[in-house]
Amino acid sequence: MGRYEDERLLLEGRLVETEDSLYTGDGSVDIKGRKILKTNTGNWRACPFILGNECCERLAYYGISTNLVSYLTKKLHEGNASAARNVTTWQGTCYLTPLIGAVLADAYCGRYWIIAVFSIIYFIGMCTLTMSASVPSLKPVECVGIDCPRATPSQYAFFFSGLYLIALGTGGIKPCVSSFGADQFDDTDSKERVSKGSFFNWFYFSINIGALISSSLIVWIQDNKGWGLGFGIPALFMGAAIVSFFLGTPLYRFQKPGGSPITRMCQVLVASFHNRNLRVPTDSSLLYETPDKVSAIKGSRKLIHTDEMEFLDKAAVLSTTETSSGNYSNPWRLCTVTQVEELKILIRMFPIWATGIVFCAVYAQMSTLFVEQGMMMDTAIGTFTIPAASLSSFDVISVIFWVPVYDRILVPIARKITKQERGFTELQRMGIGLFLSIFCMSAAALVEIKRLSIARSLGLIDKNTPVPISIFWQIPQYFLLGAAEVFTFIGQLEFFYDQSPDAMRSLCSALALLTNSLGNYLSSFILTVVTSVTTRGGQLGWIPDNLNQGHLDRFFWLLAGLSFLNMVVYVVCAKLYKSKAAS
């Protein structure tokens with residue numbers, strides 16, 4: 001049993017013995033800042049409102065993103081490569097703005113109020129987008145034969161203003177809602193701590209219930225009943241998300257904001273540089289730390305000193321001036337051990353975090369090139385036509401299938417083998433997902449090879465028409481991607497929540513989401529480079545407007561190769577990673 005486990009058990013033992021054992025032990029309070037009883041708040045009784053909020057919000061988001069590439073090509077009359085770039089850039093921004101919401105939540109407002117305010121911004125963006133697709137003067141005219149006029153600058157501006165208001169709205173919700181849900185479980189209670197692991201599984205399950213409705217019903221409405229209605233229904237669900245969130249307010253547990261994490265990190269860097277000539281004592285107990293039981297950082301427990309990155313420890317070395325004067329109040333000259341360890345944790349997380357970017361570039365294909373590939377396949381079942389974007393519902397079905405299988409079957413089996421309370425460690429879970437992503441891209445490449453082979457045999461290469469191969473051949477790539485999500489994305493949620501310092505949980509959740517942003521930007525970058533390189537000398541390139549003349553399979557093989565290299569790097573980083581230890 002390690003030192004962290006000993007410390008944890010001692011902490012739990014102390015809690016049981018005190019008269020405060022009926023109260024939460026992780027510093028959580030009610031909305032008015034008062035101590036709260038475990039029996040009246042939090043735990044699973046508060047989760048339905050949070051899960052309902054997430055389900056409706058994700059239905060709204062995927063109601064826009066799943067079929068967005070179709071709207072850009074069919075209604076705004078953009079080319080395939082341009083539409084794919086616009087979608088991935090917007091999606092990248094949706095996962096970049098969480099850094100704003102995370103910093104505001106951790107430093108000033110708390111997660112609850114950030115979710116509330118940014119949800120309203122999100123709703124305004126949804127209404128703007130609905131208007132852009134409903135009001136005739138705000139959308140381009142329909143094509144007449146081959147004449148498809150592009151949208152005017154003002155029409156583009158109105159459409160993209162709504163789209164990027166949604167991106168800003170996600171910035172307050174995404175980094176906070178999963179952490180806020182996890183806050184409902186007391187880390188110092190062994191039973192609640194295990195329940196928190198299940199929460200992340202069911203949190204992701206609720207995301208995909210919303211995504212399933214979007215990728216099937218909403219996409220069908222958009223393609224068959226009109227985009228105004230297709231965007232308006234997600235807007236109504238966003239309103240329902242806001243109502244669900246506020247209804248649970250009396251049951252929620254709240255963590256106090258601990259001040260700006262960015263400021264604290266800068267203080268450690270400045271103080272360590274200022275004290276660069278001081279010697280770090282061999283006895284870590286001589287480093288500066290507050291004598292109180294609680295950390296000097298509001299809402300955070302103390303962290304145990306680690307021996308890595310000794311140059312940062314200089315920030316906690318007491319100088320003769322401070323020792324003689326007894327003045328320890330300048331955080332730009334002297335930091336606590338806990339503050340130093342916060343920065344060390346983020347640095348240790350960085351390699352694990354970076355390996356998630358390539359996986360997210362793979363995931364980005366589901367709403368771009370997978371859809372464009374599907375649009376060039378046979379989408380008919382009898383007289384019924386399946387929108388190409390609806391195939392993403394098989395990714396969602398895969399997730400919905402794997403979450404309960406993982407939580408109820410795989411975890412109990414793995415728990416007996418690994419002796420881990422959650423079955424797999426977060427690092428093991430993420431590694432399995434990265435492995436599965438290789439097979440996902442390989443499956444997509446094989447389907448494209450088959451599709452192009454049929455196109456050649458039927459003389460359809462020069463015709464920009466779908467090839468008579470069923471779109472259901474795409475099911476394996478979607479199903480594999482869904483399985484990879486269950487392992488990688490949920491593993492990330494757990495990892496960045498559990499391993500983060502208490503007062504940086506929104507920020508670390510935002511960093512996990514940032515991999516989605518950078519993955520989308522990486523996808524856009526790879527698309528740009530591949531298009532530039534493969535169209536030299538007048539060549540059509542791998543991804544022309546007529547995919548029958550292209551080599552989309554080569555692009556998928558490229559991503560499969562990058563995924564394999566990424567997995568190798570991940571395995572090395574995971575073996576070197578050292579977990580957080582709290583006192």
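The values are calculated or read from the model by the stated rules, or taken from the named source; none is laboratory data. Because the structure is a prediction, the values reported are computed rather than measured. No Cβ is skipped: glycine too gets one built from the backbone with ideal geometry, and neighbour counts run over all protein chains shown. All accessible areas refer to the heavy atoms of the entire protein, side chains included, with ligands and DNA or RNA removed. Shrake-Rupley method; radii C 1.70, N 1.55, O 1.52, S 1.80 Å.
Overview of values
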item	result
Extension gain (nm, one decimal) between ASP292 and LEU410, 0.36 nm per residue minus Cα-Cα	38.2 nm
Rounded to the nearest 10 Å², the accessible area of GLU421 at probe 1.4 Å	80 Å²
Dipole-positive endmost among ILE64, ALA107, GLY52 within the stretch 45-112 (Cβ charges, Cα centre)	ILE64
Dipole of the chain, positive end: most advanced residue of MET430, LEU527, GLY356 [Cβ charges, Cα centre]	LEU527
Nitroxide proxy distance, nm - points 7 Å out along Cα→Cβ at THR385 and THR465	1.4 nm
On Cα atoms only, tilt of 392-405 relative to the major axis of the chain in degrees	40 degrees
Where the Cα pairs of the stretch 455-583 fall when distances are cut into 10 Å bins, in %	10, 27, 30, 19, 10, 4, 1
Dipole of the chain [Lys/Arg +1, Asp/Glu -1 at C-beta], most positive-end residue of LEU343, GLN255, GLY197	LEU343
Contour minus Cα-Cα distance for LYS191 and VAL533 (0.36 nm per residue)	117.5 nm
Residue order for ILE413, ILE345 - accessible surface, 1.4 angstrom probe, largest first	ILE413, ILE345
Surface accessible to a 1.4 Å probe, TRP557 within the full protein complex, Å²	110 Å²
Spin-label pair ASP147/PHE401, simplified geometry with 7 Å Cα→Cβ offset, distance in nm	4.9 nm
Total charge dipole magnitude, the chain, about the Cα centre, Cβ charges on Lys, Arg, Asp, Glu only, Debye to nearest 20	240 debye
Gyration tensor (Cα) of the chain, equivalent ellipsoid semi-axes in angstrom	46, 25, 23
Solvent-accessible area, 1.4 Å probe, carbon plus sulfur percent, for the chain	66 percent
Diffusion constant of the stretch 207-269 at 20 °C, which comes from Stokes-Einstein with the Kirkwood Cα-pair radius and 1.002 mPa s, µm²/s	140 µm²/s
LEU558/ASN224 FRET efficiency (R0 51 Å; Cβ-Cβ; nearest 0.05)	0.90
Extension gain, TYR164 back to ILE347 (0.36 nm per residue minus Cα-Cα distance, nm)	62.8 nm
Distant-in-sequence amide H partners of ILE469 (H built 1.01 Å from N, under 5 Å)	ASP378
All-pairs Cα distance distribution in the stretch 286-429, expressed in whole percent, bin size 10 Å	9, 20, 20, 18, 16, 10, 5, 2, 0
At 0.890 mPa s and 25 °C, Stokes D of the stretch 148-293 from Kirkwood alpha-carbon radius, µm² per second	118 µm²/s
About the Cα centre, charge dipole magnitude for the stretch 185-277 (Lys/Arg +1, Asp/Glu -1 at Cβ), debye	300 debye
Table column - 3J(HN,Hα) (Hz), the stretch 222-227, Karplus curve with 6.51, -1.76, 1.60, x for Gly and Pro	4, 7, 10, 10, x, 7
Expected-Rg normalisation [2.2 N^0.38 Å, Cα atoms] applied to the stretch 150-194	2.07
In order through the stretch 473-486: 3J(HN,Hα) via Karplus (6.51 cos²θ - 1.76 cosθ + 1.60), integer Hz, x for Gly, Pro	5, 7, 3, x, 5, 5, 5, 5, 5, x, 5, 4, 4, 4
